[in-house]
Amino acid sequence: MIVVPCPNCGPRNSGDLRNCGELVPRPDPSAASLIEWREYLYMRKNPADWVTETWYCRGGCRRYFTIERNTATNEIRGQEAS
Amino acid sequence: MSIRKEHGNVSETTFNSPVDIGPLSAPDGSVTVADAASTTKVQVRGGADTGAAAELGVGYGRSQRRADGALVCGTRPDEWTIYAGAGQASAITAALSEVFGHFQGEPGEGFVTVIDITHGRAMLRISGSNATAALNKICNLDLSDELTPDGAVFSASVGNVGCDLVRDDEGGQTSFLIGCERSFGKFLFIAVADACTEFGLSVPHGWELHGH
Ligand SMILES: [Zn+2]
């Protein structure tokens with residue numbers, strides 16, 4: 001079990017939340033090339049290190065927030081509402 | 001703010017609960033599970049800085065009992081639920097719409113909605129000295145008095161069903177109101193009753209979730 005801190009609900013069991021994956025900046029839809037869209041939609045770095053990711057508080061406040069999580073140790077830091 | 005005053009066409013139809021069994025109690029009275037699906041449930045959505053929010057008077061995670069007996073709960077950020085006795089949905093939605101209507105046009109008021117969700121939700125009440133212990137078996141949250149005192153409002157999975165909960169003690173006795181989507185209502189009731197069997201509560205034949 002991972003305990004994930006929601007900015008609204010406090011520490012929650014990760015089973016009550018949904019991991020939405022690495023935060024990837026969205027390109028400008030009117031200017032992005034097909035390759036840029038493909039990278040935005042499908043390509044992830046997936047490092048064994050710190051990643052900034054989005055979580056959805058499915059079982060609680062139903063809001064999205066971002067945290068930094070170390071994928072090797074599951075340490076968590078820098079949580080904020082998004 | 002825009003409030004559509006159409007409550008006149010919402011009829012107060014007879015409520016049929018998805019749970020067709022009376023309260024179940026342990027012989028020593030330490031835990032009771034009772035259907036409460038007919039509870040009037042009115043949902044309000046609006047910004048936290050609106051006049052409507054100030055009128056409701058509770059923030060996310062807290063509840064307050066009004067003088068008329070209705071329980072106003074801060075269910076989520078920018079979302080409230082008002083619980084009251086059966087058959088009061090029309091009166092409550094009309095009264096709220098009337099009051100919120102006075103804030104219409106004020107800067108920052110935004111869009112506020114008042115919706116009767118009584119028929120879309122099931123609800124039960126679990127009470128008694130063993131209620132917390134029973135609920136802890138099927139809910140991820142820490143339900144201790146320190147973190148979940150009387151009046152606390154929270155959402156969590158109960159028996160794998162997404163639920164809105166209120167700690168609403170009655171006569172000094174620990175008590176929780178648990179609401180979920182109506183179609184999960186009977187399963188939730190069975191799951192909660194099953195969690196209470198350890199404390200002496202008997203479930204009807206056919207309700208056993210595990211081989212005993
Ligand atoms: Zn949350």
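Please work out if A:Met43 is within 22 Å of B:Ser157 (Cα to Cα) and more than 16 Å from the ligand (Cβ to nearest atom).
It is false that A:Met43 is within 22 Å of B:Ser157 (Cα to Cα) and more than 16 Å from the ligand (Cβ to nearest atom).
Looking for whichever is in a loop (DSSP other than H, G, I, E, B), over 17 Å from B:Gly85 (Cα atoms), modelled with pLDDT under 95 and not polar (S, T, N, Q) here; the options are B:Gly47, B:Gly8. Which one fits?
Testing whether each residue is in a loop (DSSP other than H, G, I, E, B), over 17 Å from B:Gly85 (Cα atoms), modelled with pLDDT under 95 and not polar (S, T, N, Q) leaves just B:Gly47.
Looking at this structure, is B:Arg45 surrounded by fewer than 14 Cβ atoms within 10 Å (Cβ to Cβ) and either among the basic types (Lys, Arg) or within 14 Å of chain A (Cβ to nearest Cβ) (or both)?
Spelling it out, it is not the case that B:Arg45 is surrounded by fewer than 14 Cβ atoms within 10 Å (Cβ to Cβ) and either among the basic types (Lys, Arg) or within 14 Å of chain A (Cβ to nearest Cβ) (or both).
Out of the residues in the range A:21-38 that are under 14 Å from the mean Cα position of the chain (by Cα) and exposed (fewer than 13 other Cβ atoms within 10 Å of the Cβ), which is farthest from the other protein chains (Cβ to nearest Cβ)? First the steps, then the outcome.
Filtering the range A:21-38 down to residues under 14 Å from the mean Cα position of the chain (by Cα) leaves A:21-26.
Checking which are exposed (fewer than 13 other Cβ atoms within 10 Å of the Cβ) leaves us with A:21, A:25-26.
On the way: A:Gly21: 21, A:Pro25: 25, A:Arg26: 24 Å.
Across the range A:21-38, the extreme among qualifying residues is A:Pro25.
Return the total of residues in the range B:117-138 being surrounded by fewer than 23 Cβ atoms within 10 Å (Cβ to Cβ) and among the aliphatic types (A, V, I, L, M).
Of the residues in that region, 3 qualify.
In the set B:Ser63, B:Ser38, B:Ser30, which member is surrounded by fewer than 19 Cβ atoms within 10 Å (Cβ to Cβ) and under 23 Å from B:Ala122 (Cα atoms)? Write out each step before concluding.
On the way: B:Ser63 fails: surrounded by fewer than 19 Cβ atoms within 10 Å (Cβ to Cβ); B:Ser30 fails: under 23 Å from B:Ala122 (Cα atoms).
Exactly one residue qualifies, and that residue is B:Ser38.
Picking from B:Ser155, B:Ser127, which residue would you name as being modelled with pLDDT of 95 or more, in contact with a Gly (Cβ under 7 Å, 6 or more places away or on another chain) and closer than 30 Å to B:Asp20 by Cβ?
Of B:Ser155, B:Ser127, the one residue that is modelled with pLDDT of 95 or more, in contact with a Gly (Cβ under 7 Å, 6 or more places away or on another chain) and closer than 30 Å to B:Asp20 by Cβ is B:Ser155.
Across the range A:48-68, what is the total count of residues that are more than 16 Å from the ligand (Cβ to nearest atom) and either in contact with a helix residue (DSSP H, G or I) (Cβ under 9 Å, 6 or more places away or on another chain) or among the charged types (D, E, K, R) (or both)?
2
Considering the range A:26-52 alone, what residues qualify as being out of contact with any Asp or Glu (no Cβ under 6 Å at 6 or more places or on another chain) and in contact (Cβ under 8 Å) with a residue 24 or more places away in the chain? Show your work before the answer.
First, pick out the residues of the range A:26-52 that are out of contact with any Asp or Glu (no Cβ under 6 Å at 6 or more places or on another chain): A:26, A:28-43, A:45-49.
Passing the criteria: A:Asn46, A:Pro47, A:Ala48.
Tell me yes or no: at least one residue of the range A:72-79 is touching a Ser or Thr at 6+ places or on another chain (Cβ under 6 Å) and more than 12 Å from the ligand (Cβ to nearest atom).
No, because not a single residue in the range A:72-79 is touching a Ser or Thr at 6+ places or on another chain (Cβ under 6 Å) and more than 12 Å from the ligand (Cβ to nearest atom).
Considering only the range B:66-83, state which residues are surrounded by 16 or more Cβ atoms within 10 Å (Cβ to Cβ) and part of a loop (DSSP other than H, G, I, E, B).
B:Ala70, B:Pro77, B:Asp78, listed by residue number.
Given the criterion acidic (Asp, Glu), over 20 Å from A:Cys6 (Cβ atoms), modelled with pLDDT of 95 or more and surrounded by 20 or more Cβ atoms within 10 Å (Cβ to Cβ), identify the matching residue among B:Asp168, B:Asp164.
B:Asp168
State yes or no: is A:Ser14 of a type in the set (Gly, Ala, Ser) and within 14 Å of another protein chain (Cβ to nearest Cβ)?
Considered against the rule, which asks whether it is of a type in the set (Gly, Ala, Ser) and within 14 Å of another protein chain (Cβ to nearest Cβ), A:Ser14 comes out as yes.
For residues that are over 26 Å from B:Val153 (Cα atoms) and within 11 Å of the chain's Cα centre (by Cα), scanning just the range A:56-78, find the one that is nearest to the other protein chains (Cβ to nearest Cβ).
A:Arg69
When the range A:15-34 is examined, which residues are found to be more than 12 Å from the ligand (Cβ to nearest atom) and either closer than 24 Å to B:Arg62 by Cα or in a helix (DSSP H, G or I) (or both)?
A:Gly15, A:Leu34
The values are calculated or read from the model by the stated rules, or taken from the named source; none is laboratory data. Note that the coordinates shown come from a computational prediction; the quantities given were computed from them, not determined experimentally. Note that each Cβ is placed from the backbone with ideal geometry, even for glycine, and that neighbours are counted across all protein chains shown.
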